[in-house]
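Where a number appears in this text, it was derived from the coordinates with a stated rule and is not lab data. These numbers were taken from a predicted model, which means no experiment stands behind them. Cβ sites come from the backbone with ideal geometry, for glycine too, and all protein chains shown count toward neighbours.
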Amino acid sequence: MTHRPLVLLATLGSAALLLGAFGFQHIGGLLPCKMCLWQRWPHAAAILIGALILLGGPRLLAWAGALAAASTGAIGVYHAGVEWGLWPGPSSCSGAGAGLGGLSGADLLSTEGPAALVMCDEVVWQLAGLSMAGWNALLSFGLMGLWILAARRA
C-alpha cells in the first residue's frame, strides 16, 4: 500500500473511533468521564493531520499523525489501568480523590453537580474483557502503525 491510502485509512480509523465515542455518548447514553474526553483530542488532531496531508500538505506530517495515535493509545492504557485498579487515577474523577464525602446534601441532590460526574475508575461498557479505554488503546496503536508505514513511504 502506498502513502496516500495509508494516510486515508489511518485518518478514517481515527474518525471512526471518534464517531463511535460520540455514538456511545449521544445514542447510547453513556456519558464520558474526564479521561474519555482526553482520548478524543488526539483523534481529532489525527483527523486534521490526515486532511492536511490528503489536501497536499507535507508527507512528513504523517509522523505527527503517528504521535497523535500514540498519544491517545497511551492515554487509553493509563485509563484502562485506572479502571482495572492497577494505579490511581486523577483525584478529580476517580476513587483516589476525596470522593463525594466533602459534598453537602444539597450538592448531592443538585441536578447540575454530582449527577453529571462520571467516574474514571468505573467501567461502563466492555467487550471481550476490554473497556472502551482498552479498545481505544489497542485500536489506536494499530492506527499508529498505519501512520508509521505512511511516514516511511513518504
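Taking percent of Cα pairs over 21 Å apart straight from the coordinates, which label in (1) 49; (2) 44; (3) 63 is the correct one? Comparing each candidate, only (1) matches the computed number. In the chain, a dipole from Cβ-located charges (positive for Lys and Arg, negative for Asp and Glu) runs towards its positive end, and of Ile148, Tyr78, Ala45 it is Ile148 whose Cα lies farthest in that direction. Structure remark: mean-square fluctuation, Gaussian network model of the chain, C-alpha springs under 10 Å; the largest value among Ala80, Ala70, Ala51 belongs to Ala51. Remark: spin-label model distance Leu8-Gln25 equals 2.9 nm, labels positioned 7 Å along the Cα→Cβ axis. The phi torsions of the stretch 18-33, fed into the Karplus equation with coefficients 6.51, -1.76 and 1.60 and a -60° offset, translate into couplings of 5, 5, x, 4, 5, x, 4, 6, 8, 9, x, x, 8, 5, x, 8 Hz, rounded to whole numbers, with Gly and Pro shown as x. Mean-square fluctuations from a GNM of the chain, with a 10 angstrom spring cutoff on Cα atoms, peak among Gly85, Gly73, Gly56 at Gly56. Annotation for Trp41 and Leu138: the two label points, set 7 Å from Cα along the Cα-Cβ direction, are 2.7 nm apart.
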